[in-house]
Structure formats: C-alpha cells, structure tokens
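Scroll down for the structure; my scribbles are underneath it.
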C-alpha cells in the first residue's frame, strides 16, 4: 500500500499522493494507436544503421536477415520490451474505454436532469398549426408539411408573429432561471 503524506495544515489530516495529470482522449488515441512487436522494435532500432541508398525492399530483406541471425539474447531483449509495451498498450486501451464510457454516462446524467431547451417562436407556431394542416391535407409528406408550415409562418401578420416571439422569449428566460438553480 502506498504511503501517504501528511499535509502542513493539520497533523491529523492525511492527503493521498498527488495524482498524475490525466491525458485527454485524443492524446490517448494517438498513443494507443499501435501495438509493438519484437521485430518492429528491432527494425526501428536497426533502420538507422543501414546504408541510405538501399531501396525499401532491400532494407526489409537486410533487416529480416539481421533478425534471423541475431543472438537469442538480443531477440529476448526486444521480446521483453515488446511485452512491457504490450502491458502499457492494454492499460491505456482500458483507460480509453473507461473514459469513453464515463463520457457517455455523464452526458446521459446531465441530459436527464437538465431542463429541456425552450422552443423557438416558429416551433410554438408549428405545434399549434400542424394538426390543422394535417386535418386539411392528410396526404402531405413531412417535407411538404414543413414547406407549408414555413409558408404559413411568413404569411402570418406581424402582430401574431410577435405574440409567438414574446412567448418564446418568456420560455427562454424561464429556462435560464431553471438552469441557474
């Protein structure tokens, strides 16, 4: 069990060790991108030692030949390094998965307790007008219904449109008050 430090404030209070800064999801995704295998690690370390004038195919052949002729101790060193990196990879992958799940859960929780956003003036108008249009033209598609609602909204006298806008403004202020509670 890790030792805990005493803080300066009080002799009775024990605070946990300072936490390491968490990485963001994009940082993790960038780092967790690939798994490392012993040969890939060997290739990465040996590539700089090859002559520059080799074609990629020749370089690959030469590196394969060197890997095949490498001593078991050299291969073991790269296997151990790959194993270490594999453990780190799995750990970071798990962290990334947890982070994703946590983000989803927080978003759901936030949505559940947040009041719904207020409707705009046009939506308040559409809420009242849609049943009338549906009664008059039951065969209209959703798109045609939207077009008809828009046409009726713009044909509406300014005084009636103002009534809907005032209603929407009242709903917005109520929403803001509820959000601050």
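Summary table
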| item | result |
| --- | --- |
| Cβ-based exposure ranking for 154, 67, in which fewest neighbours within 10 Å come first | 154, 67 |
| Two-site FRET efficiency, residue 143 against residue 86, from Cβ-Cβ distance with R₀ of 41 Å, rounded to 0.05 | 0.15 |
| Simple spin-label estimate for residue 114 and residue 61 in nanometres, 7 Å along Cα-Cβ | 6.1 nm |
| At R0 = 25 Å, FRET efficiency that the Cβ-Cβ distance of residue 170 and residue 133 yields, to 0.05 | 0.45 |
| Compactness index (Cα Rg / 2.2 N^0.38 Å), the stretch 121-180 | 1.33 |
| Point-to-point label distance, residue 162-residue 37, nm (Cα→Cβ direction, 7 Å offset) | 7.5 nm |
| Label zone at residue 74, where the point sits 7 Å out along the Cα-to-Cβ direction: the stretch 42-59 residues whose backbone N lies under 15 Å | 42-51 |
| Euclidean distance of C-alpha centroids, the stretch 110-162 and the stretch 65-106, integer Å | 56 Å |
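Throughout, read-outs are computed from the coordinates displayed, never taken from laboratory work. Computed from a predicted model, the values in this text were never measured in an experiment. Quick reminder, even Gly has a Cβ in these numbers, built from the backbone with ideal geometry, and neighbours come from all protein chains shown.
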